[in-house]
Amino acid sequence: MRRVLTALLITALTISLSGCGAGLNASTRHIKQVTDGAEGAITVDGNKIKVVNLLVVETAEGAGVLVGTIVNSQEQEDALLGVAINGQVATVTGTNSLVKNTPVIFEGPSANAKAVVPVLGAKAGHSIQVTMFFARAGQITLQVIIRDQRDDYAGITA
């Protein structure tokens, strides 16, 4: 009898201490996004393009600068044809080729692309639509936040 009670006690402790006893409504099942940037993906028709940490920075001059990363995990190469920020076509410079697992990064120390609209037409704190157009995958539209040009975004210029 003592062995059975010991086994039951060990089982009960194992379940409760490992978190299995939290059930389907455990707080670890409700993970929140930890960045300001929006995320989206195009996964239809064999496409595997992911957009992460996408937002727009409003400069002191009123321009809008895109911040974020695009990754293509499909074997076949794709290309970024254009970007529209708040309904305006952005000027895109740098790399637009989406080779498998080679990110296109807008802004930051590893940036290899830049997208800018000269007049954003919205203020920091609001959200706007950003649409990205791809050669194979089509397009994706995300609702993104506008950040002002300070803190982590102080060095971003048009």
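The values are calculated or read from the model by the stated rules, or taken from the named source; none is laboratory data. For clarity, every value in this text was computed on a predicted model and none was experimentally measured. Counting neighbours? That spans all protein chains shown, and the Cβs are built from the backbone with ideal geometry, glycine included.
Looking at Ser127, Ser110 in this structure, which one is in contact with a strand residue (DSSP E or B) (Cβ under 7 Å, 6 or more places away or on another chain) and of a type outside the set (D, E, K, R)?
Ser127
Residue pairs, Cβ under 9 Å, 6 or more apart or interchain, first in the range 147-158 and in the same structural domain as Ala122 (by TED's automatic domain parsing) and under 13 Å from Ala124 (Cβ atoms), second among the basic types (Lys, Arg) and surrounded by fewer than 12 Cβ atoms within 10 Å (Cβ to Cβ). List them.
Asp148/Lys123
So if I check each of Gln129, Gln88, Gln143, which one is surrounded by fewer than 18 Cβ atoms within 10 Å (Cβ to Cβ), over 16 Å from the mean Cα position of the chain (by Cα) and touching a residue at least 24 places away in the same chain (Cβ under 8 Å)?
Going through Gln129, Gln88, Gln143 in turn, the sole match is Gln88.
Considering only the range 118-148, how many residues are farther than 20 Å from Ala79 by Cα and part of a strand (DSSP E or B)?
9
Does Glu39 fit the bill of being out of contact with any strand residue (DSSP E or B) (no Cβ under 8 Å at 6 or more places or on another chain) and within 29 Å of Gln149 (Cα to Cα)?
For Glu39, the condition - out of contact with any strand residue (DSSP E or B) (no Cβ under 8 Å at 6 or more places or on another chain) and within 29 Å of Gln149 (Cα to Cα) - is not met.
Please give the number of the condition Ser73 fails out of (1) polar (S, T, N, Q); (2) surrounded by fewer than 19 Cβ atoms within 10 Å (Cβ to Cβ); (3) closer than 14 Å to Leu54 by Cβ.
Single failed check for Ser73: (3).
Restricting to the range 149-158, count the residues that are exposed (fewer than 14 other Cβ atoms within 10 Å of the Cβ) and either at pLDDT 95 or above or assigned to a loop (DSSP other than H, G, I, E, B) (or both).
Final tally of qualifying residues: 3.
Only one of Thr14, Thr102, Thr69, Thr93 is at pLDDT below 90 and either outside any helix (DSSP H, G or I) or more than 26 Å from Gly125 (Cβ to Cβ) (or both). Can you tell me which?
Thr14
Ser97 passes all but one of (1) surrounded by fewer than 20 Cβ atoms within 10 Å (Cβ to Cβ); (2) under 24 Å from Ala60 (Cβ atoms); (3) touching an Asp or Glu at 6+ places or on another chain (Cβ under 9 Å); which number fails?
In the conditions (1) surrounded by fewer than 20 Cβ atoms within 10 Å (Cβ to Cβ); (2) under 24 Å from Ala60 (Cβ atoms); (3) touching an Asp or Glu at 6+ places or on another chain (Cβ under 9 Å), Ser97 misses (2) alone.
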